[in-house]
Amino acid sequence: MDTRPVASARPESASYPATTERLVHRAREARLAGSRTGAVPRAEIDASWDRVLLSGIDPEQSPESTLLETDEIEHRRRSTALGEVMPLLRAGLATIADATQQIMVVTDTEGRVLWRQGHVAVMRRAKDICLEEGASWTESATGTNAIGTALAARTPVQVHSAEHFIRALHGWTCAAAPVRDPRDGRLMGIVDVSGPASTFHPATLALVGSVAALAESELRSRHLVAIERLRSVAAPILCRLGGRALVVDHHGRLAAVSGMPPVDRLPLPKSLEPGTVWLASLGMCRVEPLPGGWLVQVAEGTHDGPPRRVVLDLSRERELVVHVAGPVGSWTRRLSPRHAELLYALALHREGRTAAELAGDVFGDASRTVTVRAEISRIRRHLAEVLAHRPYRFREGVDVEVVHPDVPADLLPRSTAPVVLRTRTPAETVPGAGFGRGAGDVVL
């Protein structure tokens, strides 16, 4: 009886030998019957089958999963740095996948499909196996497959035909590789190329792995640029400060230091908030947000910083900005119309708003909480020092000023947000928030 590994070496030709495929099928049937005699699959497939059998996956089940809502998919896309390298992935894989009648698939760390692109006919066919945006492709959901197995093993893997645990996937071939964040080595997601089994090629895995490595290199370059930008912001601030202080990015990577030895990385809490924070490596610190990172001052004594001030300038439709003055200086940031609407609603409701209330203010639909949470999360990356949550609100002690246009009807004129529509009519303007002449400053 043949006890050799079924695919100890991939064929050098572009075809996958029928004899090898028959042996894989025989090994799978034996494993399902509880036998380990006879032909055995490659080590990575063998280990995956063991995991899947323990999870109780039905080999005859349909590869279906509950799809994520569109808003949740968009939120996950914006929350991962993979979006920054999608042009590179499209150029390096999607065009080749299209030419070879395959598709490129990119997932997050939960195996959820966030992007897919490639051959149109194969995209349609992929829907039959639920290989579409929002679907889950972990081993626990769809058995042995390149995406799920690469997630479980944290290594590139190619899965072909009967190597898939679920029979419905035997007509497919796929190759996937992990993409890691070069800043901390954490897994960011999986990049995969899938297609009909007839499109199998032994070089596909090497191609996918190389493009994943290029994506990591691109992220590394972007990170170095961001650190240099943060360093340029940090230099004048540290010159004005006395005592021990560091400027780090959001991952704790050092950009600048003053009054103490440098460190490669400062461990930061997962949910870092501005204010006084205890850091294990430094003790009590004063933390302030900077564009792209944090200023960390080692507390030599307890003291409160000067009050903060926010000016929300909505006087010009084409130049919506927020000005922030804080303990370490002042800065200005351009706003999208949506972010301007959300901040305006919070300025009118200093007591705070829930996600559902903000959804009603901006969309007229209290159920759109996922979108609101995603947008507020993006705003707080830059305004965490003045914005709090649970409920969403401007922090205590923050002076907020709204600069309106001269004419009430010119307030965010393209907006359909109920909170804006109510304010455009002078008679319905919030008490105390009348329109002045000139810039029309209003202190709330």
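Observations on the model:
- Subset of region 392-412 [surrounded by fewer than 17 Cβ atoms within 10 Å (Cβ to Cβ), touching a Pro at 6+ places or on another chain (Cβ under 8 Å) and part of a loop (DSSP other than H, G, I, E, B)]: Gly397
- Residues being part of a helix (DSSP H, G or I) and surrounded by fewer than 23 Cβ atoms within 10 Å (Cβ to Cβ) - total across region 151-164: 3
- Among residues of region 33-59 being surrounded by 15 or more Cβ atoms within 10 Å (Cβ to Cβ) and aliphatic (A, V, I, L, M), the one that is nearest to Ile166 (Cα to Cα) is Ile57.
- Tally, over region 183-193, of residues that are in contact with a strand residue (DSSP E or B) (Cβ under 7 Å, 6 or more places away or on another chain), surrounded by fewer than 17 Cβ atoms within 10 Å (Cβ to Cβ) and assigned to a loop (DSSP other than H, G, I, E, B): 1
- Pro196 within 19 Å of Pro63 (Cβ to Cβ) and either open to solvent by less than 10 Å² (accessible area, probe 1.4 Å) or more than 21 Å from the chain's Cα centre (by Cα) (or both): yes
- If the condition is being of a type in the set (A, V, I, L, M), at pLDDT 85 or above and over 26 Å from Lys127 (Cα atoms), then region 33-63 contributes Ala43, Ala47, Leu54.
- Number of the condition not met by Ser367 [criteria: (1) in contact (Cβ under 8 Å) with a residue 12 or more places away in the chain; (2) within 25 Å of the chain's Cα centre (by Cα); (3) open to solvent by 40 Å² or more (accessible area, probe 1.4 Å)]: (1)
- Among the residues here, Arg222 does not qualify as among the basic types (Lys, Arg), open to solvent by 50 Å² or more (accessible area, probe 1.4 Å) and touching a strand residue (DSSP E or B) at 6+ places or on another chain (Cβ under 6 Å).
- Filter result for the condition that a residue is farther than 17 Å from Val113 by Cβ and of a type in the set (A, V, I, L, M, F, W, C), over Ala175, Ala146, Ala141, Ala153: Ala153
- Selection count, region 84-99, where residues are among the aliphatic types (A, V, I, L, M) and surrounded by fewer than 15 Cβ atoms within 10 Å (Cβ to Cβ): 2
- Unmet requirement for His250, which otherwise passes all of (1) open to solvent by less than 60 Å² (accessible area, probe 1.4 Å); (2) within 18 Å of the chain's Cα centre (by Cα): (1)
- Any hit, region 201-213, residues being at pLDDT below 95 and surrounded by 22 or more Cβ atoms within 10 Å (Cβ to Cβ): no
- Hits in region 331-364 - residues which are in a helix (DSSP H, G or I), charged (D, E, K, R) and touching a residue at least 60 places away in the same chain (Cβ under 8 Å): Glu341
- When residues in region 126-150 are screened for being in contact (Cβ under 8 Å) with a residue 24 or more places away in the chain and surrounded by fewer than 24 Cβ atoms within 10 Å (Cβ to Cβ), 11 of them pass.
- Residue pairs meeting the criteria (Cβ under 7 Å; at least 6 apart or on separate chains; first within 15 Å of Ser198 (Cα to Cα), in region 98-125; second open to solvent by less than 40 Å² (accessible area, probe 1.4 Å) and of a type in the set (D, E, K, R)): Ile103/Arg116
- Any hit, region 182-195, residues being at pLDDT below 95, touching a Gly at 6+ places or on another chain (Cβ under 6 Å) and under 14 Å from Ala81 (Cβ atoms): no
- Residues that are part of a strand (DSSP E or B), under 16 Å from Arg380 (Cα atoms) and charged (D, E, K, R), drawn from region 258-301: Glu288
- Test for Leu219: is it under 30 Å from Pro63 (Cα atoms) and either assigned to a helix (DSSP H, G or I) or among the basic types (Lys, Arg) (or both): no
- None of Leu314, Leu343, Leu358 is surrounded by 19 or more Cβ atoms within 10 Å (Cβ to Cβ) and either in contact with a His (Cβ under 8 Å, 6 or more places away or on another chain) or modelled with pLDDT under 90 (or both) except Leu314.
- The residue that is nearest to the chain's Cα centre (by Cα), counting only those in region 60-79 that are exposed (fewer than 15 other Cβ atoms within 10 Å of the Cβ) and small (Gly, Ala, Ser), is Ser79.
The values are calculated or read from the model by the stated rules, or taken from the named source; none is laboratory data. No experiment lies behind these values; they were computed from the predicted model shown. Glycine also receives a Cβ, built like all others from the backbone with ideal geometry; neighbour counts cover every protein chain displayed. Protein only, heavy atoms only, side chains kept; ligands, DNA and RNA dropped before computing areas. Shrake-Rupley method; radii C 1.70, N 1.55, O 1.52, S 1.80 Å.
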